[in-house]
Amino acid sequence: MPSTSWNWATQSRFPSFCLLLARPKSREVLLKAYGADPQRAAEMTLAEAHMQALNQGAGTFLRVGTLGDWSFCYENRDLLGITDHVRTAASREGEAIILFKGGDGTNTMERMQNGQRVELFEPHRPADVQGEGPFTLSALVNDQLAADPGILGMSAATQVLTEHYGVEISRESLEGILLTYFSSSTGEH
C-alpha cells in the first residue's frame with residue numbers, strides 16, 4: 001500500500017514548492033549551496049518561521065532537515081532551488097534530486113550528480129526525459145504510472161522517492177522544527 005505521507009505534495013492548497021534533496025551533504029553545507037550563511041539560520045517550526053518572515057519582510061525562507069544520509073531543503077516562496085547555481089552546487093561531490101511543483105501546473109523531477117544533469121522530466125510524461133542518463137528515476141516513475149493508470153505524476157514521483165531512496169517527508173515534518181534561514185525580499189542574505 002502506498003504511503004500517504006506525501007499527500008500534501010499534490011494538494012491544491014500547496015500550489016508551488018521546490019524540494020531539493022542532496023547527499024552526502026549536511027544541512028549547513030546545503031544552506032551554503034543556496035548562498036546562505038548557516039550561522040544566520042535557526043531551529044524553528046513553520047508557524048514560527050511564518051511569524052518571523054512577516055516581521056522581517058522575508059522574501060523567501062529555506063527549511064532544511066535531514067533524512068538518513070540525505071539533507072533536504074523545502075521552499076514555497078521565491079524559489080531558489082530550481083536555479084542552475086543552487087542545483088549545481090547542491091549536487092557537487094554527490095547527488096541531488098529536485099522535485100518542483102509550479103503554480104502553473106508545471107511539475108518536474110530532476111536528478112543531478114557531481115554538478116551535471118543526469119535526468120530531467122515531467123512526472124506525468126517520464127518518457128520525455130532529458131539529460132546525460134542513466135534515466136533511473138524516469139523509468140521508475142514510468143513503471144508506477146503503468147501499474148496504476150489513475151495515479152498523478154507527482155504521486156508516482158514521490159512513491160519512487162520512498163520506494164527507491166527510502167525518503168518520505170510528511171506535512172507534519174515540514175511544519176515541525178527545521179533549520180530555517182531567511183532572506184529579505186530585496187535579495188539580501
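The values are calculated or read from the model by the stated rules, or taken from the named source; none is laboratory data. Computed from a predicted structure; not experimentally measured. We place every Cβ from the backbone using ideal geometry, glycine too, and count neighbours over all the protein chains shown. These accessible areas exclude ligands, DNA and RNA; they are computed on the full protein's heavy atoms, side chains included. Shrake-Rupley method; radii C 1.70, N 1.55, O 1.52, S 1.80 Å.
In segment 99-106 there is no residue that is farther than 16 Å from Leu19 by Cα and hydroxyl-bearing (Ser, Thr, Tyr).
With the structure loaded, tell me whether Thr106 is open to solvent by 70 Å² or more (accessible area, probe 1.4 Å) and either modelled with pLDDT under 95 or hydrophobic (A, V, I, L, M, F, W, C) (or both) or whether it fails that test. Steps first, please.
On the way: open to solvent by 70 Å² or more (accessible area, probe 1.4 Å): no; either modelled with pLDDT under 95 or hydrophobic (A, V, I, L, M, F, W, C) (or both): yes.
It is false that Thr106 is open to solvent by 70 Å² or more (accessible area, probe 1.4 Å) and either modelled with pLDDT under 95 or hydrophobic (A, V, I, L, M, F, W, C) (or both).
Scanning segment 43-60 for residues that are in a strand (DSSP E or B) and over 21 Å from Ala22 (Cβ atoms) gives Met44, Ala58, Gly59.
Screening Arg63 with (1) assigned to a strand (DSSP E or B); (2) open to solvent by 70 Å² or more (accessible area, probe 1.4 Å) gives one miss only, at (2).
Assess whether Gly150 counts as being at pLDDT below 95 and either at positive phi or surrounded by 15 or more Cβ atoms within 10 Å (Cβ to Cβ) (or both).
Numbers: at pLDDT below 95: yes; either at positive phi or surrounded by 15 or more Cβ atoms within 10 Å (Cβ to Cβ) (or both): no.
Judged against the criteria, Gly150 is not a match.
Can you work out which of the residues in segment 166-187 that are part of a loop (DSSP other than H, G, I, E, B) and of a type outside the set (Val, Ile, Thr) is surrounded by the most Cβ atoms within 10 Å (Cβ to Cβ)? In this case the residue turns out to be Glu168. Looking at segment 68-165, the strands (runs of 3 or more DSSP E) lying wholly inside it that each contain 3 or more residues that are under 30 Å from Asp37 (Cβ atoms) and free of Cβ contacts under 8 Å to residues at least 60 places away in the same chain sit at 70-75, 107-113, 116-122. Taking (1) touching a helix residue (DSSP H, G or I) at 6+ places or on another chain (Cβ under 8 Å); (2) surrounded by 16 or more Cβ atoms within 10 Å (Cβ to Cβ) in turn, Ala53 satisfies each apart from (1).
Looking only at segment 1-16, decide whether some residue is buried (at least 17 other Cβ atoms within 10 Å of the Cβ) and assigned to a strand (DSSP E or B). Checked against the condition, which is being buried (at least 17 other Cβ atoms within 10 Å of the Cβ) and assigned to a strand (DSSP E or B), segment 1-16 yields no hits at all.
Does segment 68-78 include one or more residues that are under 19 Å from Arg23 (Cβ atoms), at pLDDT below 95 and touching a Ser or Thr at 6+ places or on another chain (Cβ under 8 Å)? Give the derivation first.
In the first step, residues of segment 68-78 are kept if they are under 19 Å from Arg23 (Cβ atoms); the result is 68-75.
After this cut, where a residue has to be at pLDDT below 95 as well, the list is 68-69, 75.
Cutting the leftovers down to touching a Ser or Thr at 6+ places or on another chain (Cβ under 8 Å) gives us 75.
For segment 68-78, residues under 19 Å from Arg23 (Cβ atoms), at pLDDT below 95 and touching a Ser or Thr at 6+ places or on another chain (Cβ under 8 Å): present.
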